[in-house]
1. Among the aspartates and glutamates, which have Cα under 12 Å from the Cα of Lys100 when same-chain residues fewer than 8 positions away are ignored?
2. From the phi angles alone, apply the Karplus equation (6.51, -1.76, 1.60; θ = phi - 60°) to region 63-75 and give each ³J(HN,Hα) in whole Hz, x where the residue is Gly or Pro.
3. Calculated from DSSP H runs of 4 or more alone, at -39500 (n - 2.57) each and per residue, what is the 222 nm mean residue ellipticity of the chain, nearest 500?
4. Quote the charge dipole size of the chain about the Cα centre in Debye, to the nearest 20; the model charges only the Cβ of Lys and Arg (+1) and of Asp and Glu (-1).
5. Kindly report, to the nearest 10 Å², the accessible surface of Asp226 as traced by a 1.4 Å probe over protein heavy atoms only.
6. What list of ³J(HN,Hα) values in whole Hz, one per residue of region 267-276 in order, does the Karplus curve 6.51 cos²θ - 1.76 cosθ + 1.60 (θ = phi - 60°) give from phi, with Gly and Pro shown as x?
7. Rounded to the nearest 20 debye, what is the charge dipole size of region 95-170 about its Cα centre when +1 sits on each Lys and Arg Cβ and -1 on each Asp and Glu Cβ?
8. In whole Å and largest first, what semi-axes does the C-alpha gyration tensor of region 172-282 yield when each eigenvalue is scaled by 5 and square-rooted?
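The values are calculated or read from the model by the stated rules, or taken from the named source; none is laboratory data. Keep in mind that this is a model prediction, so the values were computed, not measured. We place every Cβ from the backbone using ideal geometry, glycine too, and count neighbours over all the protein chains shown. Ligands, DNA and RNA are stripped out before the accessible areas are found, and what is left, the full protein with its side chains, is counted by its heavy atoms. Shrake-Rupley method; radii C 1.70, N 1.55, O 1.52, S 1.80 Å.
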Amino acid sequence: MKFQLKNILAVVAIALAFSSCSSDSETPIVDELAELTKFKEITNTTHTIELYAHMGALEQGYNEINLRIKDKASGNYVKNATVSWMPLMHMTMMTHSCPKSEVEKITADGTLYKGNIVFQMPQNATEYWDLKIDYTIDGTTYTATSVIDVPASAKQRVTTFTGSDNVRYIVAYVEPHHPKVALNNITVGVYKMESMMSFPVVDNFKVKIDPRMPSMGNHGSPNNVDLTQSILDKLYHGKLSLTMTGLWKINLQLLNASDVVLKGETITDLVPASSIYFEIEF
């Protein structure tokens, strides 16, 4: 009886050991497309490029865009491409680009590539945006281009202006995507126009904010923190205090590295709004 009991216990121990080893060796399956929605496919003779966004669409302003490259012959997604892109606005009298990041692979074993584009103006009946994607796979270069939909944003998400230094600037709202009645983290991108095709990030500036509720006597909120640039993502980060739901106008001032105001006004009884601002409503 003792011998049988020892054998049974040994079998159970071995089974548990194998079960533990099997569990430890299993790699969790990661859904790359979680919270992303495909909004566009761009094709050429060899590949289909799928474009994804959190909101399932583009709009005037800052857009984070994810993409995958699908091989038409095999049906597999490419994991080793080097990708770049060029957005172009085709206007009646000219063509220009906009602020854009590099396109980077998200994970080594994944299929998603990610970047961001700031569309400073929307499409209209006669003027439109297209997106050209260039990529290299195993030493072979490819390209694909298509018109993309960039409608006007419902609220002011980007502002373009000439500063007192005669430089053309673009300031774009990045987040919060879902603002709350709380002290929110706020992120903004600041860019300048070097040419019709070049819009680099501006370094070492400051963005002052003064959120107000125009429909509620233009009252403000406490504990806001002005935005300064992060060395990690080159965006500007601060704190945005929202004390109630409704429509808020986030009045802005852009200051250079010497703290000189390049654009925007301080809010007073006589100056109820800045000439540069964002709008959010929740």
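1. Of all the aspartates and glutamates, those that pass the test against Lys100 - Cα under 12 Å, at least 8 places apart if same chain - are Glu64.
2. 10, 8, 10, 10, 9, 10, 10, 10, 6, 5, 6, 9, x
3. -3000 deg cm²/dmol, from helical runs alone.
4. That gives the chain a dipole magnitude of about 420 debye.
5. Spelled out: Asp226, probe radius 1.4 Å, area about 60 Å².
6. 7, 9, 4, 8, 10, x, 8, 7, 6, 10
7. Rounded to the nearest 20 debye, it is 320 debye.
8. Over the Cα atoms of region 172-282, the semi-axes work out to 24, 16, 12 Å.
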